[in-house]
1. Using packing as a proxy for protection, rank 181-187, 196-202 so that the peptide with the highest average count of other Cβ atoms within 10 Å comes first.
2. Label residue 59 and residue 166 with points 7 Å out from Cα along Cα→Cβ: what is the distance between them in nm?
3. Check residue 181: other-chain or 5+ apart residues with amide H under 5 Å from its amide H, H built from backbone geometry?
4. Report the label-to-label distance for residue 74 and residue 52 in nanometres (one decimal), using points 7 Å from each Cα along the Cα→Cβ vector.
5. Roughly speaking, what is the stretch gain from residue 141 to residue 191, that is 0.36 nm per residue apart minus the C-alpha to C-alpha distance, in nm to one decimal?
6. How about the range 53-103: which trypsin sites (Lys or Arg not before Pro) there lie in a loop by DSSP and see at most 11 other Cβ atoms within 10 Å?
7. Obtain the nm distance between the two label points defined at residue 28 and residue 99 by a simple spin-label model: each point lies 7 Å from its Cα along the Cα-to-C-beta direction.
8. Across every pair of different alpha-carbon atoms, what Kirkwood hydrodynamic radius in Å does the range 1-96 reach?
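Rule-based calculations on the coordinates, nothing more; no lab input. This one's a predicted model, so the numbers in the text were calculated from it and none came from an experiment. Reconstructed Cβ throughout: ideal geometry from the backbone, glycine too, with neighbour counts over all protein chains shown.
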Amino acid sequence: MPRSIVSDRDTRFLSYFWKTLWCKLGTKLLFSTTCHPQTDGQTEVVNRTLGTLLRAIISKNLKSWEECLPFVEFSYNRSVHSTTGFSPFEIVYGFNPLTPMDLLSLPMSERLNLDGKKKAEYVRTLHEKVRNNIEKKIQQYTRQANKGKKKVTFEPGDWVWLHLRKERFPEKRRSKLLPRGDGPFEVLEKINDNSYKLDLPGEYNVSSTFNVSDLSLFDLGHDQDLRTNPSQEGEDDAIRAIRWDSLALPSGPITRGRSKKFKEALHGLVLSTQEMFKEEGNPAYEKLAGGLRDYIVNIIQVQD
C-alpha cells in the first residue's frame, strides 16, 4: 500500500467513505489547493503527454480513443524518461517487455540467462541509479523554478489580499473591469510555507485553503497613496499620503468594548491628520483635511 496519495479536492476524494478506507489501510491522503496543478505536477505531466499521444493517433476519429489507449500506455511505459534515465517498465519489472520486433529469433550468442541473485542485484542497482537521476533533475527544476522568485510567508493572524482567479471565481470575474482581488482576509492556519487557510465567508462556496501565489500581504502600516494612479499629473501630486500609524483597529467580535476602542482609534486618526495638515499650511491640505474629518466624524456617530 502507498504511504500517501496526492489528489485534488473532488467530492469523492473528500467523502467520509474514502477517508475512512485509506485511514484503515494506513495511507495518508494529501489534497492539493484548488486551481493549483503544480501540487501534483507528476500526474499533470503524465496526463498532458498521454493527451498529446492520443491526439497524434486518433486524428479526427475522436470516439476511438479508448481502443488506442492500451497501445499509448504501452508506448509511454516503454519509453526512456528524461528524469529517471530509464523506462517505467524497466524500473518496475527490471526489464522492458518485448515488442513485435523483439519476437524475431536472436543468435544463441546474444541470449542471456540471469539467475535470481544476479537479477535482484541488477534491479537494486537500477533503482539506485533512478533515485540519483531523479534527485539531480529535482534540483535542476527547483533552481529554474525559483530563479527570480521572492519567498513570501505568512503567520496566523496576518491579513492578506486574495487573488480572484477566473477559473475559481467565475461569478466575481464575469467582466474584465471587475476587481481581480478581494479582502482583506485573516490567515487562520498555516498548513505549510505554500498553503494557508483563510477566514473566508461562506458565500464564496470554495475551499478556504489557498496557495501562497494567490495571496499578498495587507499591511495597514504602509502609507496609502490618495491618487487613483500614482503616476497621474496634476496639482495633487504634492499631497502626501496619510499616515495610518495611529489607526490601530482592535480585532475580535463586535462588542461595546471593541466599539469604544474603535472610536478611540478614529479620534487618534483625526488628531494626527489635523496636525499633519496644520504643519503643511497649504489650502489644498486644509480642504482635504476638512472633508476627511467630516467623514470620520460620521463614522464615529454611527458607532455611537
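1. Values: 181-187: 17.4, 196-202: 15.9.
Final packing ranking: 181-187, 196-202.
2. 3.4
3. Placed amide hydrogens put 164 under 5 Å from residue 181.
4. For the pair residue 74/residue 52, the computed spacing is 2.3 nm.
5. Numbers: separation 50, 0.36 × 50 = 18.00 nm, distance 2.36 nm.
Once the chain is fully extended between residue 141 and residue 191, it gains 15.6 nm.
6. Of the trypsin sites (Lys or Arg not before Pro), the ones in loops of the range 53-103 whose Cβ has at most 11 other Cβ atoms within 10 Å are 60.
7. 4.0
8. Values: mean 1/r = 0.0628 Å⁻¹.
Value: 15.9 Å, from the Cα pair sum.
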